[in-house]
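First comes the structure, then the notes that go with it.
The values are calculated or read from the model by the stated rules, or taken from the named source; none is laboratory data. Because the structure is predicted, anything quoted here is derived from the model rather than measured. Note that each Cβ is placed from the backbone with ideal geometry, even for glycine, and that neighbours are counted across all protein chains shown.
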Amino acid sequence: MSGILSSSLARKFAMAISALFLMVFLLQHFVINLTSIFPNNGSTFNGISHFMGTNPLIQYLIQPILIFGVVFHFVMGFVLEIKNKKAQGVKYYKNNGAANSTWMSRNMIYSGLFILIFIIIHFVDFWFPEINTKFIQGDWTGTHKGIEGYRYYHELQEKFSELWRVLLYIIGFVFLSLHLLHGFSSAFQSMGANNKYTKSMKTFGKLYAIIIPVGFVIIALFHYFNS
Ligand code: HEM
């Protein structure tokens, strides 16, 4: 690999930056989706979704950056995995399995792979239809024939009315939690953060890795039982 990402440290640093960026995205994605379970029949969720879905700054600047971040993180994850595997042949490389690393840290590539599958299914469910409606059909109204008001909440309920999809998503959230449990502290380490806040950051990372996926499970189940 040439240029700026040619050193192992630079690659790890870039991976960590993309991970932290995606964690910020995930937090806002979670907060917005959480409004879909407010007891007002989706009116808050519909309002925010319509704003996000039609705001030019979000659609033409932030969204492309996000998609680049997602793709970059996956590609870089595979590159690092391949480089690590090659390094295992080198004499000084030492990994005694469970003796000096956790199950989560040794299996980031597998939890990551499952999240990739989840993201593809998730895009087919929500993101591609959204892109099709707005950018191909040219319909930016946020409405749909036969549905009163905005369509976003209705579409969410429709998707989560199927048990197989809810179960598949829940498996995705479990892998997300496993990935984040190691990923958060690893990203901080790769960025060289080692100070009096390290312990609190690790605790914060663990809480984040549990609360956000559990919250997503609650949202999916809520819509399954209410649709
Ligand atoms: C119950 C859980 C979730 C629900 C209800 C949900 C809902 C949605 C919806 C409705 C969209 C389309 C937004 C639009 O473009 O108008 C979307 C997009 C997206 N979701 Fe999710 N999502 C959930 C979990 C997740 C998780 C766990 C991840 C990441 C691991 C994720 C990543 C994304 C990404 C990257 C996009 C495309 C970018 C965007 O438009 O915001 N989602 N999601």
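A quick yes/no check of all residues on (1) over 28 Å from residue 20 (Cα atoms); (2) outside the structural domain of residue 80 (by TED's automatic domain parsing); (3) modelled with pLDDT of 95 or more; (4) polar (S, T, N, Q):
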position	(1), (2), (3), (4)
130	no, yes, yes, no
137	yes, yes, yes, yes
141	yes, yes, yes, yes
146	yes, yes, no, no
157	yes, yes, yes, yes
184	no, yes, no, no
193	no, yes, no, no
214	no, yes, yes, no
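Being hydrophobic (A, V, I, L, M, F, W, C), away from the ligand (no atom under 11 Å from the Cβ) and part of a helix (DSSP H, G or I) holds for only one residue in 75, 71, and it is 75. Among the residues of region 43-91, the ones that are loosely packed, with under 15 Cβ neighbours inside 10 Å, at pLDDT 95 or above and β-branched (Val, Ile, Thr) come to 7 in all.
Only residues that are aromatic (Phe, Trp, Tyr) and away from the ligand (no atom under 14 Å from the Cβ) were counted across region 185-227, and they come to 3.
Exactly one residue among 186, 161 is buried (at least 17 other Cβ atoms within 10 Å of the Cβ) and over 18 Å from residue 53 (Cβ atoms), and that residue is 186. Of the residues making up region 121-180, those that are within 11 Å of the ligand (Cβ to nearest atom) and among the basic types (Lys, Arg) are 134, 151, 159, 165. Checked against the criterion of being in contact with a Leu (Cβ under 9 Å, 6 or more places away or on another chain), of a type in the set (Gly, Ala, Ser), touching a residue at least 24 places away in the same chain (Cβ under 8 Å) and surrounded by fewer than 17 Cβ atoms within 10 Å (Cβ to Cβ), region 8-30 has at least one qualifying residue.
Looking only at region 107-160, count every residue that is aromatic (Phe, Trp, Tyr), without any contact (Cβ under 8 Å) to a residue 12 or more places away in the chain and more than 26 Å from residue 56 (Cα to Cα) and tell me the total. Here the count works out to 1.
Note on region 126-182: among residues that are within 30 Å of residue 109 (Cα to Cα) and outside any helix (DSSP H, G or I), the one that is nearest to the chain's Cα centre (by Cα) is 160.
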